[in-house]
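One structure is given below, encoded as structure tokens.
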Amino acid sequence: MKTALEVFRMPTPVSVMGRSSSITNSFINGIIPAHFPSEEDVGEALAVLELTVEDLRCAYCGDKWTEWDHLRPLIKDQEPTGFISEIQNLLPACGKCNQSKGNKQWRDWMLGNAKQCPRVRGIPDLDFRVSRLERFGIWREPTKLNIPKLVGGELWNAYRANWRELLDAMGKSQELASEIKAKLREPYVPPASRGNNKKRAAAQAQVSMPNDEVSVVTERLENWASKPQLNVHKIIAIVVRSGGGLSRRQLIKEAERVTKTKNAYGAVASLLTTAGNAYGRVFEYRDGLIYIHPSVETVVRSLKWVAA
């Protein structure tokens, strides 16, 4: 018989920087051209995918369609790929597949271990589905634009500067939000817990994640640990070497120094959440500092992270 707490789940906390991926997507998606197809174009695309208007299905898994997805992502590593919204880059998909796939390469995602991907969900006939998508991929040559070159460096750099300033403001707001949250938390501590600061701090530190999420994050960690050239490897190494917590500002500053990039905001934010196309909750934000998430700390510390 289940207890009351076994059926209770606190809503996922919202953070300011948890929306950074959405901001980046909006900045890039907001400039991508879209070519509306003709009736004949859509009909031809569905014929290549062996789908029908009368019973339209997700091209990835076969469930009922809910939206149209970009086969080739519009964004990668916070930069436009050059692909656009056009019929040779769009296909019907279900919400589960679209959200799980994100900006991943479609074949690697379908046959990989991402949560809700077709292989993990046990979708049958995957080889057939992959071959059908391969045919669709060569049906028509996709448009690919060199966007920075086409718009010019001055205009493009000005646009990117606005994006960075917004993320910077969000980062500062997150630090203030953490301070405010800490001040608001105290008045609402249950009476039975008052005066027991050590137990309360320990309870706050032990925020667990679901087992399936731990499995996905662990697999990613093992992959990143074997590739010290990756920026995500270097960022995790910074937190491991700190031996404790770092403020977001400290971590971003050190990450930019180590990785030689000016786009560390998004990478750090992606290690704090599972939302959108994020890496997963390797870190957690607690009392104004970033720590390794308790649910994967043992795994993180068992792996080798090369000091930069």
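The values are calculated or read from the model by the stated rules, or taken from the named source; none is laboratory data. All figures in this text were calculated on a predicted structure; none of them were measured in a lab. Cβ coordinates were reconstructed from backbone atoms using ideal geometry, including for glycine residues, and neighbour counts include every protein chain displayed.
Figures for the structure shown
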read-out: Wholly within region 93-165, helices (runs of 4 or more DSSP H) carrying at least 1 residues that are loosely packed, with under 14 Cβ neighbours inside 10 Å; value: 106-110, 126-137, 147-151
read-out: Residues (among the small types (Gly, Ala, Ser) and either under 23 Å from Lys101 (Cα atoms) or surrounded by 18 or more Cβ atoms within 10 Å (Cβ to Cβ) (or both)) located in region 246-292; value: Ala255, Ala264, Gly266, Ala267, Ala269, Ser270, Ala275, Gly276, Ala278, Gly280
read-out: Residue that is among the hydrophobic types (A, V, I, L, M, F, W, C), free of Cβ contacts under 8 Å to residues at least 40 places away in the same chain and touching a Gly at 6+ places or on another chain (Cβ under 9 Å), where the choices are Leu271, Leu289, Leu251; value: Leu271
read-out: Qualifying residue in region 127-138 (condition: over 29 Å from Ser38 (Cβ atoms) and either touching a Gly at 6+ places or on another chain (Cβ under 6 Å) or of a type in the set (Lys, Arg) (or both)); value: no
read-out: Elements of type helices (runs of 4 or more DSSP H) in region 213-308, at least 2 residues being farther than 20 Å from Gly171 by Cβ; value: 231-242, 297-302
read-out: Check on Val217, surrounded by fewer than 18 Cβ atoms within 10 Å (Cβ to Cβ) and either out of contact with any Leu (no Cβ under 8 Å at 6 or more places or on another chain) or at pLDDT below 90 (or both); value: no
